[in-house]
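Trainee: Just passing along the structure, written as structure tokens.
The values are calculated or read from the model by the stated rules, or taken from the named source; none is laboratory data. None of these values were measured; they are calculated from a predicted model. So basically every Cβ, Gly included, is an ideal-geometry build from the backbone, and we count neighbours across all protein chains shown.
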Amino acid sequence: MDVRGSQECTEVSMASWNYASDITEKHRKVKAAAQLKYAAWQKEAWESVRKWSGKWETLSDPFLRRQFKFMSILGTAALPKQDLEKYNNLVTEMSTLYSTAKICEYKNPKNCKLELEPDLTRILRSSRDYGELEHVRKMWRHQTGRRIRDHYKLFVKLANKAAKLNGFDNMGDMWLYPYESDVFRSDLAELWKQLMPLYQQLHAYVRRKLRENYGEEHVSRRGPIPAHLLGNMWAQNWGEVYDLVIPYPGKVSVDVTPQMVAQGYTPERMFELSEAFFVSLNLTRMPEEFWQHSIIEKPQGRDLVCHASAWDFCNGKDFRIKQCTDVTMNDLITVHHEMGHIEYFLKYKDLPEVFRSGANPGFHEAVGDVLALSVATPKHLHEIGLLEEVQDDPEADINFLLSMALDKITFLPFGYLMDLWRWDVFSGKTSEQDWNCAWWDLRYKLQGIKPPVQRSEYDFDPGAKYHIAGNVPYIRYFVSFVIQFQFHKALCMKAGEYDPLDPSKPLHKCDIYKSTEAGNALGDMLQMGSSKEWPEAMAALTGTRRMDASVIREYFKPLELWLTDNNEQHRESIGWETDEVLCTSEEVREKPEGKSTSTAGGAPASGTLLL
Ligand SMILES: CC(=O)N[C@@H](CC(=O)O)C(=O)NC[C@H](CC1(C(=O)N[C@@H](Cc2ccc(O)cc2)C(=O)O)CCCC1)C(=O)O
Ligand SMILES: [Zn+2]
């Protein structure tokens, strides 16, 4: 079996790792050269396959046919050398601007060294000062989005040129290729349609609790929620405002961060805890190199990409995580997420190189999160000593389900809209002069949030998010948040932890810890890599070939009933409306004193009225 990937793949991943771990000009140059060398190697391999075109399609062996199918897509390596060099430099520059961005402190404008991790993340999590939250959110967007808008213009042109060279209409279509379905977009739209009612109930409840905390002048009864009050730089998960919205205070809190700190948890111990869970399922222990080369704490004194990531160095031996780990429950979940990627790498490392990826990208994102669904249960947290007691009563249950919904349900519209926006940008449906207001149109319509200060086309708010600056597709996460519950249900049944007919074993209480039946079933699916079409991998584990939103709704059913009832009791209106102009199509430049006026001399500029 070919246990090694190409030497070029190892070389380019190592060069990318060195740059991401220590952002210097020298590392950038080495990475850029390795990227061009790897592209040349890919083009050569592609040329050798091309002379088989017209023949490989009729090969009888489906395994071989599938390998040729994957090798016939060259990707951005199809660009002429100087275009590819420009493309790679743009992506590296945008992600470097993002990763090295710093802003000034709200109360102390002389300290301008605040970074996203851990500084801004901690402020957004813990501050309840309306002005400070507004400042952090606005200045982050000045230092990131605004500075990469021009890069993005040229990036889109080159990305689409590469897509066309691969026979796609635009890059959005090329990004969907790994999902191997020409009805994929409509399947996604159907999933969101099924999940929106639950989201809207949660939105209405959270809006009421935030209104009670910040006052009606800041959070209106029927309008969108100001995005900076939701505990996260992009309002994509709302778990950090749990303490403001908890339904039954006084119960044991499911946020075990305080206990982790009190018990002296270190990033190392968090990683060992995660590995112990995987091993308890009869999945693979981390290799020795993993512990030698991974970076699990933020190194001081240098710039690096702190955004967590898991790396496969294409040689069957070297796998690493780089994470600026904070001792919080949120980061313990992220550790499991990253280690889930490593488990997948380990399970398919002996397959032919073209098959060393997830059955589809959403599968890769779901692995770690599936285990985290068990880890987060009060029962499991109690078992590992992070929760002093398990209160088995309906109110504690609602508290727990709400904390899970603040991470899983709130994420769905964001996970969907990120590429809804990019697909329209790549296809040209959204033209350059409307980029930012089209973004806010989606943020308003799907998430029911609004910017604290009016936006314009001088801003580029999508660029304030890692995956847009770093050009990482995002629909994989929306897919993962749906299918991870399907995987969870299948594994819980194999572990005997869930029985649809036994109300004492609901899905949200299941913990698959130590179940080798569950672990073996998951491992068998991971071992397939992308050698089979994803519906087949899905069926191997869950018995069904389709993405199915009914499972996440089943998991949250008790909460959905509670929210609907609670919103009715408080006569909360469901949904949102506004006649505010959230984004003006003019290029509004901030005056030095920071007061923004439109170019139309003061009167709110005409712009994209959000209806
Ligand atoms: C070499 C390389 O880049 N490798 C890829 C993996 C691969 O392709 O093999 C990789 O490591 N990507 C980084 C990315 C990091 C994280 C992320 O970006 N998450 C999303 C969405 C989300 C949010 C909450 C959640 O619970 C789960 C997901 C966000 O934060 O917006 C940060 C936190 C968790 C995961 C990742 O691991 O997916
Ligand atoms: Zn991931």
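Trainee: Considering each residue of the range 71-90, count those that are among the hydrophobic types (A, V, I, L, M, F, W, C), over 14 Å from residue 50 (Cα atoms) and not in a helix (DSSP H, G or I), and give that number.
Mentor: Taking the range 71-90 first, the residues among the hydrophobic types (A, V, I, L, M, F, W, C) are 71, 73-74, 77-79, 84, 90.
The next check asks that each one be over 14 Å from residue 50 (Cα atoms); those that pass are 77, 79, 84, 90.
With not in a helix (DSSP H, G or I) added as a condition, the list becomes 79.
Of the residues in the range 71-90, 1 are among the hydrophobic types (A, V, I, L, M, F, W, C), over 14 Å from residue 50 (Cα atoms) and not in a helix (DSSP H, G or I).
Trainee: Could you say which residue among 376, 366 is modelled with pLDDT of 95 or more, closer than 30 Å to residue 406 by Cβ, within 10 Å of ligand 1 (Cβ to nearest atom) and touching a helix residue (DSSP H, G or I) at 6+ places or on another chain (Cβ under 8 Å)? Write out each step before concluding.
Mentor: Numbers: 376 fails: within 10 Å of ligand 1 (Cβ to nearest atom).
Criteria check complete, one pass: 366.
Trainee: Output the number of the condition that residue 277 fails; it satisfies all remaining conditions of (1) modelled with pLDDT under 95; (2) crowded, with 17+ Cβ neighbours inside 10 Å.
Mentor: (1)
Trainee: Kindly provide the set of residues from the range 1-26 that are loosely packed, with under 14 Cβ neighbours inside 10 Å and farther than 21 Å from residue 316 by Cα, ordered by number.
Mentor: Result: 24, 25, 26.
Trainee: Being surrounded by 23 or more Cβ atoms within 10 Å (Cβ to Cβ) and among the hydrophobic types (A, V, I, L, M, F, W, C) is the filter here; which residues of the range 512-536 pass it?
Mentor: Once the filter is applied, which keeps residues that are surrounded by 23 or more Cβ atoms within 10 Å (Cβ to Cβ) and among the hydrophobic types (A, V, I, L, M, F, W, C), the range 512-536 yields 512, 518, 522, 525, 526, 534.
Trainee: In addition: Among the residues of the range 390-400, is any assigned to a helix (DSSP H, G or I) and aromatic (Phe, Trp, Tyr)? Spell out the reasoning first.
Mentor: Going through the range 390-400, the residues assigned to a helix (DSSP H, G or I) turn out to be 394-400.
Among the residues that remain, those that are also aromatic (Phe, Trp, Tyr) are: 400.
For the range 390-400, residues assigned to a helix (DSSP H, G or I) and aromatic (Phe, Trp, Tyr): present.
Trainee: Another question, then. Tell me, yes or no, whether the range 194-207 has at least one residue that is among the hydroxyl-bearing types (Ser, Thr, Tyr) and either in contact (Cβ under 8 Å) with a residue 60 or more places away in the chain or buried (at least 16 other Cβ atoms within 10 Å of the Cβ) (or both). Even if it seems obvious, please write down each step before you answer.
Mentor: The initial filter retains those residues of the range 194-207 that are among the hydroxyl-bearing types (Ser, Thr, Tyr), namely 199, 205.
Of the ones still in play, those that are also either in contact (Cβ under 8 Å) with a residue 60 or more places away in the chain or buried (at least 16 other Cβ atoms within 10 Å of the Cβ) (or both) are 199, 205.
Within the range 194-207 (the criterion being among the hydroxyl-bearing types (Ser, Thr, Tyr) and either in contact (Cβ under 8 Å) with a residue 60 or more places away in the chain or buried (at least 16 other Cβ atoms within 10 Å of the Cβ) (or both)), the answer is yes, since at least one residue qualifies.
Trainee: Checking the condition under 24 Å from residue 471 (Cα atoms), of a type in the set (A, V, I, L, M) and in contact (Cβ under 8 Å) with a residue 40 or more places away in the chain, which residue from 273, 304, 230 passes? Talk me through it step by step, then tell me what you get.
Mentor: Details: 273 fails: under 24 Å from residue 471 (Cα atoms); 230 fails: under 24 Å from residue 471 (Cα atoms).
That would be 304, the only listed residue that is under 24 Å from residue 471 (Cα atoms), of a type in the set (A, V, I, L, M) and in contact (Cβ under 8 Å) with a residue 40 or more places away in the chain.
Trainee: Specify which of the listed residues (137, 149, 128) is closer than 18 Å to residue 226 by Cα and buried (at least 17 other Cβ atoms within 10 Å of the Cβ).
Mentor: Details: 149 fails: closer than 18 Å to residue 226 by Cα; 128 fails: buried (at least 17 other Cβ atoms within 10 Å of the Cβ).
On inspection, the qualifying residue turns out to be 137.
Trainee: On the basis of being of a type in the set (Ser, Thr, Tyr), away from ligand 2 (no atom under 15 Å from the Cβ) and in contact with a helix residue (DSSP H, G or I) (Cβ under 9 Å, 6 or more places away or on another chain), does residue 456 make the cut? If you could, list the steps in order and put the result at the bottom.
Mentor: Working: of a type in the set (Ser, Thr, Tyr): yes; away from ligand 2 (no atom under 15 Å from the Cβ): yes; in contact with a helix residue (DSSP H, G or I) (Cβ under 9 Å, 6 or more places away or on another chain): yes.
So residue 456 passes the test.
Trainee: Out of the residues in the range 314-349 that are under 15 Å from the mean Cα position of the chain (by Cα) and among the β-branched types (Val, Ile, Thr), state the one that is farthest from residue 403 (Cα to Cα).
Mentor: Going through the qualifying residues, I end up with 335.
Trainee: Something else now. On the basis of being more than 16 Å from the chain's Cα centre (by Cα) and either at pLDDT 95 or above or surrounded by fewer than 23 Cβ atoms within 10 Å (Cβ to Cβ) (or both), does residue 400 make the cut? First the steps, then the outcome.
Mentor: Numbers: more than 16 Å from the chain's Cα centre (by Cα): yes; either at pLDDT 95 or above or surrounded by fewer than 23 Cβ atoms within 10 Å (Cβ to Cβ) (or both): yes.
Yes: the conditions hold for residue 400.
Trainee: Criterion first (under 23 Å from residue 279 (Cβ atoms) and within 9 Å of ligand 1 (Cβ to nearest atom)) does residue 338 satisfy it? Give the steps one after another, and end with the answer.
Mentor: On the way: under 23 Å from residue 279 (Cβ atoms): yes; within 9 Å of ligand 1 (Cβ to nearest atom): yes.
Yes, satisfied.
Trainee: Going by what's in this entry, would residue 371 be described as under 22 Å from residue 491 (Cβ atoms), under 22 Å from the mean Cα position of the chain (by Cα) and within 13 Å of ligand 1 (Cβ to nearest atom)? It would help to see each step written out before you state the result.
Mentor: Numbers: under 22 Å from residue 491 (Cβ atoms): yes; under 22 Å from the mean Cα position of the chain (by Cα): yes; within 13 Å of ligand 1 (Cβ to nearest atom): yes.
Here the answer is yes, as residue 371 does meet what is asked.
Trainee: Which of the following residues is more than 22 Å from residue 174 (Cα to Cα), at pLDDT below 95 and surrounded by fewer than 20 Cβ atoms within 10 Å (Cβ to Cβ): 395, 383, 389? Even if it seems obvious, please write down each step before you answer.
Mentor: Details: 395 fails: at pLDDT below 95; 383 fails: at pLDDT below 95.
So the residue among 395, 383, 389 that is more than 22 Å from residue 174 (Cα to Cα), at pLDDT below 95 and surrounded by fewer than 20 Cβ atoms within 10 Å (Cβ to Cβ) is 389.
Trainee: Residues of the range 439-491 being within 22 Å of residue 582 (Cβ to Cβ), within 13 Å of ligand 1 (Cβ to nearest atom) and among the charged types (D, E, K, R), which ones?
Mentor: Across the range 439-491, the qualifying residue is only 465.
Trainee: So residue 300 ticks every box in (1) touching a Leu at 6+ places or on another chain (Cβ under 9 Å); (2) away from ligand 2 (no atom under 16 Å from the Cβ) but one. Which box is left unticked?
Mentor: Among (1) touching a Leu at 6+ places or on another chain (Cβ under 9 Å); (2) away from ligand 2 (no atom under 16 Å from the Cβ), the lone unmet condition for residue 300 is (1).
Trainee: Would you tally the residues in the range 260-304 being closer than 24 Å to residue 370 by Cβ and either assigned to a loop (DSSP other than H, G, I, E, B) or not aromatic (Phe, Trp, Tyr) (or both)? Reasoning before the result, please.
Mentor: Quick first cut of the range 260-304, residues closer than 24 Å to residue 370 by Cβ only: 260, 265, 267-287, 290-291, 294, 296.
Next, from what is left, pick out any that are either assigned to a loop (DSSP other than H, G, I, E, B) or not aromatic (Phe, Trp, Tyr) (or both): 260, 265, 267-270, 272-276, 279-287, 294, 296.
Residues meeting the conditions: 22.
Trainee: Can you tell me which of 206, 219 is in a helix (DSSP H, G or I) and in contact with a strand residue (DSSP E or B) (Cβ under 8 Å, 6 or more places away or on another chain)? First the steps, then the outcome.
Mentor: Numbers: 219 fails: in a helix (DSSP H, G or I).
After applying the criteria, what remains is 206.
Trainee: List the pairs whose first member sits in the range 353-378 and is β-branched (Val, Ile, Thr), whose second member is at pLDDT below 95 and away from ligand 2 (no atom under 13 Å from the Cβ), and whose Cβ atoms are under 7 Å apart, counting only residues at least 6 apart or on separate chains?
Mentor: If the second residue must be at pLDDT below 95 and away from ligand 2 (no atom under 13 Å from the Cβ), the pairs left are 354/67; 354/70; 354/71.
Trainee: What residue, of 29, 81, 86, 55, is exposed (fewer than 13 other Cβ atoms within 10 Å of the Cβ) and either closer than 20 Å to residue 470 by Cα or in contact (Cβ under 8 Å) with a residue 60 or more places away in the chain (or both)?
Mentor: Going through 29, 81, 86, 55 in turn, the sole match is 29.
Conditions (1) within 24 Å of the chain's Cα centre (by Cα); (2) within 16 Å of ligand 2 (Cβ to nearest atom); (3) not in a helix (DSSP H, G or I), marked per residue:
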site	(1), (2), (3)
482	yes, yes, no
489	yes, no, no
492	no, no, no
500	no, no, yes
504	no, no, yes
521	no, no, no
525	yes, no, no
558	no, no, no
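Trainee: When you go through 308, 359 one by one, which is the residue that is among the small types (Gly, Ala, Ser), over 21 Å from residue 523 (Cβ atoms) and within 15 Å of ligand 2 (Cβ to nearest atom)? Spell out the reasoning first.
Mentor: On the way: 359 fails: over 21 Å from residue 523 (Cβ atoms).
Being among the small types (Gly, Ala, Ser), over 21 Å from residue 523 (Cβ atoms) and within 15 Å of ligand 2 (Cβ to nearest atom) holds for just one of 308, 359, which is 308.
Trainee: Here's a follow-up. Tell me, please, whether a residue that is within 25 Å of residue 26 (Cβ to Cβ), within 16 Å of ligand 2 (Cβ to nearest atom) and not in a helix (DSSP H, G or I) can be found in the range 335-355. Give the steps one after another, and end with the answer.
Mentor: Taking the range 335-355 and keeping what is within 25 Å of residue 26 (Cβ to Cβ), we get none.
The answer is no; no qualifying residue exists.
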